[in-house]
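Notes for the one structure printed next.
The values are calculated or read from the model by the stated rules, or taken from the named source; none is laboratory data. Since we're looking at a predicted model, the values are computed, not measured. Quick reminder, even Gly has a Cβ in these numbers, built from the backbone with ideal geometry, and neighbours come from all protein chains shown. Accessible surface is based on the protein model in full, side chains and every heavy atom, while ligands, DNA and RNA are left aside. Shrake-Rupley method; radii C 1.70, N 1.55, O 1.52, S 1.80 Å.
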Amino acid sequence: MTNSATSHLLPVFARVDLGFERGEGAWLIASDGERYLDFTSGVAVNALGHAHPHLVAALQEQATKLWHMSNLFKSPDGERLAARLCEQSFADFVFFANSGAEAMECAIKITRKHHAAKGHPERYRIITFDSAFHGRTLATLAATGSAKYLEGFGPPMDGFDQVPLGDLEAVKKAIGPQTAGILIEPLQGEGGVRAAPHAFFKALRQLCDDSGLLLIFDEVQTGMGRTGELFAYKRLGITPDVMSLAKALGGGFPIGACLATAEAAAGMTPGSHGSTFGGNPLAVAAANAVLDVMLKPGFFEHAQKMSLLLKQKLASVVDRHPDVLSEVRGEGLLIGLKAVVPSGDLVTALREQRLLTVGAGENVVRFLPPLIVTEAEIEEAVQRLERACVALSGAHLKRAAGQ
């Protein structure tokens, strides 16, 4: 890691001393010409890979028409994108934002306003779960509840009650007269690719129905095909009332969205929320282009097939290198490898093999290839993982021998 003494970028990222000039599908080309296999995908953002021709054409065309307009006026393309998202989901309404954190802020506000509009402003608290990650704004940090992210920013914003993931009794105990909703990721990405059983999600839906609460899904990372369906909730057999999207929605162009049923969003009236850049014409063009590709027949079947192949091949590497790896977890192409060695060492060793991955909680390394990844690219990635494991095993043996 390096932080250049001459850089004027705020030093909040421990950046790797590696820069890229261009990308092609699942590959990134570094400034020195080296090719890297990208199984980070901008942390689950570049779902269609780099420089996808349909996305490039859509942005180029829109760039000649209109870059920005105020949300004081109608947006025909934005209306079309919202209609398509609603058609493919449970939702009746969509609010466009610029990021996942903004989409989550909207979800939190919808949840609180829902109860206030019904005459119960005291119902503002939201139940969240250990190891969750919901964003970097003050509200989403409070929802995340992690001390390492909250330190130094003053008292956390009030209104969030955190309980262990999968503990239904703890959820029941946390529900009180001030509770407004339950917020959960269908599959925790940053938290270590952790998932609660399907039965737990069904029980949460029933609890919300029985108690008049809203069920909020954070699908910023799991949405837009990452788990093998357009939205991860479709794998669980239930529907939320509110859902946040971002990351892959624009295929790399910044855009977030908050989806809600008409009932959940009943309190959102003119002036209750807004955004200067939300629904930007360029972002909307990119997101519509992403949907064009993802909704073609066979797209998700391909992602599911590649998921099965990758999981099987990763499991075989785990079997061969139990001193380096211990477990494969995840759904779709949101795959986690639990490491025995420090996960940072594994990420570094993989990068030295020109394979880009990203760490997560619980000493896990995430494999997040683009959803258009090929069998040959998966085979190449596994070979590079194998070489990294051999290198790490050798280093471990040398340390054990005191060399």
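So which residues in segment 72-81 are in contact with a helix residue (DSSP H, G or I) (Cβ under 9 Å, 6 or more places away or on another chain) and either farther than 12 Å from ALA283 by Cβ or open to solvent by 100 Å² or more (accessible area, probe 1.4 Å) (or both)?
ARG80
Select from segment 164-187 the residues that are surrounded by fewer than 19 Cβ atoms within 10 Å (Cβ to Cβ) and under 25 Å from the mean Cα position of the chain (by Cα) and list them in ascending order.
PRO164, GLY166, ASP167, LEU168
Which residue out of GLY267, GLY271 is within 24 Å of LYS74 (Cβ to Cβ), free of Cβ contacts under 8 Å to residues at least 12 places away in the same chain and surrounded by fewer than 20 Cβ atoms within 10 Å (Cβ to Cβ)?
Going through GLY267, GLY271 in turn, the sole match is GLY271.
Out of the residues in segment 328-357 that are in a strand (DSSP E or B), in contact with a strand residue (DSSP E or B) (Cβ under 8 Å, 6 or more places away or on another chain) and open to solvent by 30 Å² or more (accessible area, probe 1.4 Å), state the one that is nearest to ARG235 (Cα to Cα).
Going through the qualifying residues, I end up with ARG329.
Which count do you get for residues in segment 26-41 that are in contact with a strand residue (DSSP E or B) (Cβ under 7 Å, 6 or more places away or on another chain), open to solvent by 70 Å² or more (accessible area, probe 1.4 Å) and assigned to a loop (DSSP other than H, G, I, E, B)?
Looking only at that region, the number is 1.
I want to confirm something. Restricting to segment 295-309 and keeping residues that are open to solvent by less than 60 Å² (accessible area, probe 1.4 Å) and closer than 15 Å to GLY225 by Cβ, which single residue is farthest from the chain's Cα centre (by Cα)?
Residue satisfying both the conditions and the ranking: GLY298.
What number goes with the only condition from (1) in contact with a Pro (Cβ under 8 Å, 6 or more places away or on another chain); (2) over 22 Å from GLY256 (Cα atoms) that ASP77 does not pass?
Answer for ASP77: the failing condition is (2).
Condition check ((1) open to solvent by 40 Å² or more (accessible area, probe 1.4 Å); (2) farther than 17 Å from GLN88 by Cβ) across all residues:
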residue	(1), (2)
GLY191	no, yes
ARG194	yes, yes
LYS202	yes, yes
LEU215	no, yes
ASP218	no, yes
THR222	no, no
LEU230	no, no
LYS234	yes, no
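How many residues are open to solvent by 40 Å² or more (accessible area, probe 1.4 Å) and not charged (D, E, K, R) when one looks only at segment 100-132?
The total comes to 7.
From the residues in segment 209-237 that are touching a Phe, Trp or Tyr at 6+ places or on another chain (Cβ under 6 Å) and farther than 18 Å from LEU295 by Cβ, which one is modelled with the lowest pLDDT?
Looking at the filtered set, the residue picked out is LEU236.
The rows are residues; the columns are (1) touching a strand residue (DSSP E or B) at 6+ places or on another chain (Cβ under 9 Å); (2) part of a strand (DSSP E or B).
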residue	(1), (2)
ASP17	no, no
GLU24	yes, yes
VAL43	yes, no
LEU48	yes, no
LEU55	yes, no
GLN62	no, no
LYS65	no, no
ASP77	no, no
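Condition (residue is open to solvent by 30 Å² or more (accessible area, probe 1.4 Å), under 21 Å from VAL284 (Cα atoms), among the acidic types (Asp, Glu) and in contact (Cβ under 8 Å) with a residue 12 or more places away in the chain) applied to segment 83-93: is it met by at least one residue?
yes
So how many residues does segment 166-206 have that are in contact with a strand residue (DSSP E or B) (Cβ under 7 Å, 6 or more places away or on another chain), of a type outside the set (Gly, Ala, Ser) and either in a helix (DSSP H, G or I) or free of Cβ contacts under 8 Å to residues at least 24 places away in the same chain (or both)?
Adding up the residues that qualify gives 3.
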